[in-house]
1. Taking Thr100 as the residue in question, decide whether it is more than 17 Å from Asp2 (Cα to Cα), within 15 Å of the chain's Cα centre (by Cα) and not basic (Lys, Arg).
2. For Thr89, only one of the following conditions fails: (1) surrounded by fewer than 13 Cβ atoms within 10 Å (Cβ to Cβ); (2) touching a helix residue (DSSP H, G or I) at 6+ places or on another chain (Cβ under 9 Å). What is its number?
3. Considering only residues that are assigned to a loop (DSSP other than H, G, I, E, B) and more than 24 Å from Gln68 (Cα to Cα), look in the stretch 21-40 and name the one that is least open to solvent (accessible area, probe 1.4 Å).
4. Hey, among Ala58, Ala94, which residue is in contact with an Asp or Glu (Cβ under 7 Å, 6 or more places away or on another chain), part of a helix (DSSP H, G or I) and touching a residue at least 40 places away in the same chain (Cβ under 8 Å)?
5. I need every pair where a residue in the stretch 102-124 that is without any contact (Cβ under 8 Å) to a residue 40 or more places away in the chain has its Cβ under 8 Å from the Cβ of a residue that is open to solvent by less than 40 Å² (accessible area, probe 1.4 Å) and polar (S, T, N, Q), sequence separation at least 6 or different chains.
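The values are calculated or read from the model by the stated rules, or taken from the named source; none is laboratory data. The shown structure was predicted, so the numbers you read here are calculated from the model rather than taken from an experiment. Neighbour counts are summed over all protein chains in view; Cβ atoms, including those assigned to glycine, are modelled from backbone coordinates with ideal geometry. With ligands, DNA and RNA removed, areas are computed over all heavy atoms of the protein, side chains included. Shrake-Rupley method; radii C 1.70, N 1.55, O 1.52, S 1.80 Å.
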Amino acid sequence: MDIGSNNSGPAGKLSNFTPRPFVFRDVECNSMEGLLQALKFKDPGMAAHTCTLVGFKAKKAGSKKNWQKTQTLWWNGCPIKRDSDEYQTLLDEAFEALYTTNGKAKKTLLATRDANLTHSIGRTKASETVLTKQEFCSRLMQIRNRLQSEDFVEY
């Protein structure tokens, strides 16, 4: 199942562009794309504002930020190296927050059942993007697998 904002069904709704309110580390976010673009801003106020954006508006907000040169992203004014374990932990927490607290997001993810999730328009090099295809799809499938196993727990 190829995830993309122009696709129908769950494949389209799993796009980071989809409006899906959630809270991440006490910051209100309206989409995963808003959060991902916010990581490009050193200023916490601008980052918090970017977290509230959705879709192409969120993408555009971060599009001119040249973080690739230094490979440095930001959370709450603190620098995070793109290739660090700290950054991977941040991504883990962000996706976990979205897909466990937003009921529609969780339902959409579970609707993919056992489909292999792909993202053909995504990038593969971490140095070029804040979220690679592999980072995106593997997190979704890992969360989905855990949620599916929790649904089958008998009490």
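1. Considered against the rule, which asks whether it is more than 17 Å from Asp2 (Cα to Cα), within 15 Å of the chain's Cα centre (by Cα) and not basic (Lys, Arg), Thr100 comes out as yes.
2. Looking at each condition in turn, Thr89 falls short on (2).
3. Asn30
4. None of the other options fit; the residue is Ala58.
5. Gly122/Thr129; Gly122/Thr132; Arg123/Thr129; Arg123/Thr132; Thr124/Thr132
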